[in-house]
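The values are calculated or read from the model by the stated rules, or taken from the named source; none is laboratory data. Note that the structure is predicted; figures quoted are calculated from it, not measured. In this analysis, Cβ positions are derived from the backbone assuming ideal geometry, glycine residues included, and neighbour counts consider all displayed protein chains. Heads up: the accessible areas ignore ligands, DNA and RNA and are worked out on the full protein's heavy atoms, side chains in. Shrake-Rupley method; radii C 1.70, N 1.55, O 1.52, S 1.80 Å.
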Amino acid sequence: MLSYLIRRLLISIPTLILISIFVFALQKMLPGDPVLALAGEDRDPETLNRLRELYHLNDPIWMQYLMWVKGALQGDLGQSIRTGLPVTEMIASKLPVTIQLAVMSMIFATVIGIPAGILSAVKKGTATDYVANVVALSGLSIPNFWLGIMLILLVSVKWQLLPASGYVPLSEDPLQSIKTMLMPSFVLGTALAASLMRHTRSAMLGVLRQDYVRTARAKGLAEHTVVMHHAFRNALTPVVTLAALLFGELIAGAVLTEQIFTIPGFGKMVVDAVFNRDYAVVQGVVLVTALGFMLMNLVADAAYVLLNPRLRVG
């Protein structure tokens, strides 16, 4: 297992290098000058040149990239042009918020999507299957921002059950923190649940047609045992892949949902940074997001080995 994971980790290093080059190059191609926005009304040439020297914007692009990579390897992602704060500190303050939102959203997605997919596959062609597919299609079709607004109007304004917006850290008040995150997590989780349901159903239908499943039924095993222990475990591989990718997307930040519920996560920070031409923040967030995707792929690879004994032999 350890050697397998090390090989996968080594393969990820060139990917990370390419991502860093791609992100840095695209950021430099954005229109506008961050120094002009930073200087405000005091835009005399001497001030602008001093600011460019301070942030090394007069250096060649390749030298700027190498300096950024060197700092990133040391844990220094630079400073925000707008606030002057270290990007590492800004990311560290937002990351727990985004991780909490992502974890709670995935809990909703797995609790709703996977059982619905299993039930739909087992009851293929019945009313249960049709209802599950309609619900999944609705989850994929309904925009997150509309569902979020409707929940605020009903749950918060009309019924006054949950807070409409805001965020309370887990360390300050765990119960209130969960309450503030329930609605945005449900909004994101329903969309993810629809995708998980469709993939789970498809994987289960393929497995249920296999000979070993028919053999298990012919032996007289209970249907629950056949479905959960023989079919579902072998259908988990594509579901684990999708779940890992979806969790990576959540780490990247759900911009609209965070804006609607006023959650200070990655999404809001990166949108503000793009509008303000705050290069260092955008680069830092995208780099951390890429690392999150790679980590989740590594977790998915480890899950493959645990779920599929044939990979352990290979």
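Probe of 1.4 angstrom, ligands and nucleic acids ignored: what's the accessible area per residue over the chain, in square angstrom? Heavy-atom SASA per residue in the chain reads 55 Å².
Computed from backbone phi with θ = phi - 60° and the Karplus coefficients 6.51, -1.76 and 1.60, the 3J(HN,Hα) list for segment 115-126 is x, 5, x, 5, 4, 5, 5, 5, 9, 4, x, 9 Hz; x is used for glycine and proline. Computed from backbone phi with θ = phi - 60° and the Karplus coefficients 6.51, -1.76 and 1.60, the 3J(HN,Hα) list for segment 7-21 is 4, 5, 5, 5, 5, 6, 5, x, 4, 5, 5, 4, 5, 5, 5 Hz; x is used for glycine and proline. For the chain, lysine pairs separated by 8 or more sequence positions, or belonging to different chains, with Cα-Cα distances below 23 Å total 8. When the residues 179, 70 are ordered by accessible surface, computed with a 1.4 Å probe over the protein chains alone, the sequence from largest down reads 70, 179.
The structure-derived value of percent of Cα pairs over 23 Å apart appears in the list (i) 57; (ii) 66; (iii) 70 under the label (ii). For residue 55, the amide hydrogen comes within under 5 Å of no other amide hydrogen, counting only partners 5 or more places away or on other chains and with H modelled in the peptide plane. Close amide H contacts of residue 79 (hydrogens built in the peptide plane, cut-off under 5 Å, sequence separation of 5 or more or a different chain): 87.
Annotation: amide H-H contacts under 5 Å for residue 254 (H modelled 1.01 Å from N, sequence separation of 5 or more, or interchain): 267. Relative to the dominant Cα principal axis of the chain, helix 174-208 is inclined by about 50°. Label zone (residue 228, point 7 Å along Cα-to-C-beta; backbone nitrogen cut-off 18 Å) within segment 82-110: 110. Rounded to the nearest 0.05, the FRET efficiency derived from the C-beta distance between residue 140 and residue 305 at R0 = 35 Å is 0.65. Rounded if a/c is under 1.5, else prolate if a/b is larger than b/c, else oblate: which is segment 93-275, with a ≥ b ≥ c the root eigenvalues of its Cα gyration tensor? Because a/c hits 1.5 or more and a/b exceeds b/c, segment 93-275 counts as prolate.
Between the helical axis of 45-54 and the longest alpha-carbon principal axis of the chain there is an angle of about 50 degrees.
The length gained by stretching the chain between residue 149 and residue 99 to full extension, at 0.36 nm per residue less their Cα-Cα distance, is 15.7 nm. Residues in segment 285-296 carry Karplus couplings, in order, of 5, 5, 5, 5, 5, 4, 4, x, 4, 5, 5, 5 Hz; the curve used is 6.51 cos²θ - 1.76 cosθ + 1.60 with θ = phi - 60°, and Gly or Pro positions show x.
Using only Cα atoms, tell me the angle between helix 127-141 and the longest principal axis of the chain; keep it within 0 to 90° and round to the nearest 10. So the helix axis and the longest Cα principal axis differ by about 10 degrees.
Of interest is the spacing of the C-alpha centroids, which for segment 56-96 and segment 225-252 amounts to 36 Å.
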